[in-house]
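A quick write-up on the structure given underneath.
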Amino acid sequence: MAVFWDSPGTLTESRTTPHEAREFEDLREALEGSPKRIPSKYFYDDRGSEIFSRIMETPEYYPTRAETEILVQRSDRLLVVGGLSGPVHVVELGAGDGRKTAHFLRAVQRYSAHLRYTPVDISAGALRELSQRIKKEFADIEVEPRVLDFESKLESLPLSRSRTNMVLLLGSSIGNWLPEEQSRFLRRLRAVLSSHDFLLIGFDLKKEASILIAAYNDALGWTREFNLNLLERLNRDVGANFVIDQFRHHASYNPATGAMESWLIAQRALTVSLRRLNFSIHLKAFEGIHVETSWKYLPSEIEQLAHDHGFRCIAHRYDRLHRFRVDLWS
Ligand code: AVI
């Protein structure tokens, strides 16, 4: 389902579009590569976004709680050190359900009477719910949601010329990109931000592998569901014929790269056709499809990343257990 804007505050949907036909173009190369891959951006259809909200509530998935703790307890400090004042435009990339963001917006409001909030996401469903919730909770914030694939359309971000832009990339979302993609993103973002704009960015930290592995193997099975939903989505959206129960979710920490990796492993040899994309793939028994990398960071690696891409680390805060870190860069 493709989604467009027609006027501020209204989301409309239409059935098939040229944009949609192009949307899955990169799948063939990814599924024919070695190892086979499904790009992580396909996780977040409406159902995927809904499942991700469940993951964030599981006891094992600590990043959301750790980051929320920082935003609740440390936002004021971050904003004071940043010297925030005057009209502010908060632009949240990959906003999802934006629950954490409300804490930050409340803090920003203490420093800026004129706040505009633009949540940006590719899931229209998630944006619709989030916008309604924020409007209800904050009578005096202008909310202007934007359906946009910001990874490919960063130059189309609706940044303000008259306000301080505060771009948010929370949840350690940057860690889902390959190092070269992280670099390209930060370079492009640096180029569109002015010298008095800010980036508020969350990083999940490197830690004991068993804690990481548990976070991506929750007992209730929401992470498994999240990964398998990718196959269901391809069945629905590109006429694929994946038989879901022939795949197992597998998540492990790779100490050589410092990242969690998620795979879907075929339980027997399979041929899967992606009818609407006109190709088929063959999987050997126990061959994996790589579906996600979640990079983890050392504090020194975060600082290097800022430095290498022309950002200045203005301030940063950790949660009480030092599992997660939120940085303010300019
Ligand atoms: C959105 N992203 C940072 C999450 C992560 O931790 O990589 C997505 C996720 N995948 C499985 N659990 C959560």
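The values are calculated or read from the model by the stated rules, or taken from the named source; none is laboratory data. The structure presented is a predicted model; accordingly, all values stated were derived computationally and were not measured. Please note: Cβ atoms are built from the backbone with ideal geometry, for glycine as well, and neighbour counts cover all protein chains shown.
Descriptive notes on the structure:
- Annotation: GLY221 fulfils all but one of (1) touching a residue at least 24 places away in the same chain (Cβ under 8 Å); (2) within 16 Å of the ligand (Cβ to nearest atom); the unmet one is (1).
- Residues that are of a type outside the set (Val, Ile, Thr) and closer than 23 Å to THR223 by Cα, drawn from the stretch 257-283: GLY258, ALA259, MET260, GLU261, SER262, TRP263, LEU264, ALA266, GLN267, ARG268, LEU283
- Within the stretch 187-204, restricting attention to residues that are out of contact with any Leu (no Cβ under 7 Å at 6 or more places or on another chain) and part of a strand (DSSP E or B), the residue that is farthest from PRO255 (Cα to Cα) is PHE203.
- Those strands (runs of 3 or more DSSP E) lying entirely in the stretch 73-182 with at least 1 residues charged (D, E, K, R), buried (at least 18 other Cβ atoms within 10 Å of the Cβ) and within 16 Å of the ligand (Cβ to nearest atom): 88-93, 115-121
- Here GLN304 fulfils each of the conditions (1) assigned to a helix (DSSP H, G or I); (2) in contact (Cβ under 8 Å) with a residue 60 or more places away in the chain apart from (2).
- Scope the stretch 28-49; condition within 19 Å of the chain's Cα centre (by Cα), away from the ligand (no atom under 13 Å from the Cβ) and part of a helix (DSSP H, G or I); matching residues: ASP46, ARG47
- Screening LEU127, LEU157, LEU148 for residues that are within 18 Å of PHE43 (Cα to Cα), touching a helix residue (DSSP H, G or I) at 6+ places or on another chain (Cβ under 7 Å), of a type outside the set (Gly, Ala, Ser) and in the same structural domain as ALA113 (by TED's automatic domain parsing) leaves exactly one candidate, LEU148.
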